[in-house]
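Worksheet for the structure shown next.
The values are calculated or read from the model by the stated rules, or taken from the named source; none is laboratory data. Bear in mind that the values here come from a model prediction, so they are computed numbers and not experimental data. Please note: Cβ atoms are built from the backbone with ideal geometry, for glycine as well, and neighbour counts cover all protein chains shown.
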Amino acid sequence: MREYRCTRNALYSHECIGNDITARQGHYIWAINEEAAWQEMARRYPEETEAGFTVQKWESFDVKVVEVRRDENGNIIE
């Protein structure tokens, strides 16, 4: 199994970001192949199967969160 990033291709029904599908959050799905990931999206969003879904292989990565502190002058405190 591997991880896939899937995006819904259907247009949004509200106007918050318009029709820009690049602004959508991805759905991260573990599946045996791209077709199985597509089928999982179809199970979750059956009304959007005609518009389809974009499926891409995805490699997870670790994220390190670092707090940046500044002094009263806006300089970074090391």
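All conditions in (1) at pLDDT 95 or above; (2) surrounded by 14 or more Cβ atoms within 10 Å (Cβ to Cβ); (3) of a type outside the set (S, T, N, Q); (4) under 16 Å from the mean Cα position of the chain (by Cα) hold for Ala36, with the sole exception of (4). Scanning the range 43-59 for residues that are in a helix (DSSP H, G or I) and surrounded by fewer than 14 Cβ atoms within 10 Å (Cβ to Cβ) yields a total of 4. With respect to (1) touching a residue at least 40 places away in the same chain (Cβ under 8 Å); (2) under 15 Å from Glu3 (Cα atoms), the lone exception for Glu48 is condition (2). Scanning the range 5-15 turns up no residue that is at pLDDT 95 or above and surrounded by fewer than 15 Cβ atoms within 10 Å (Cβ to Cβ).
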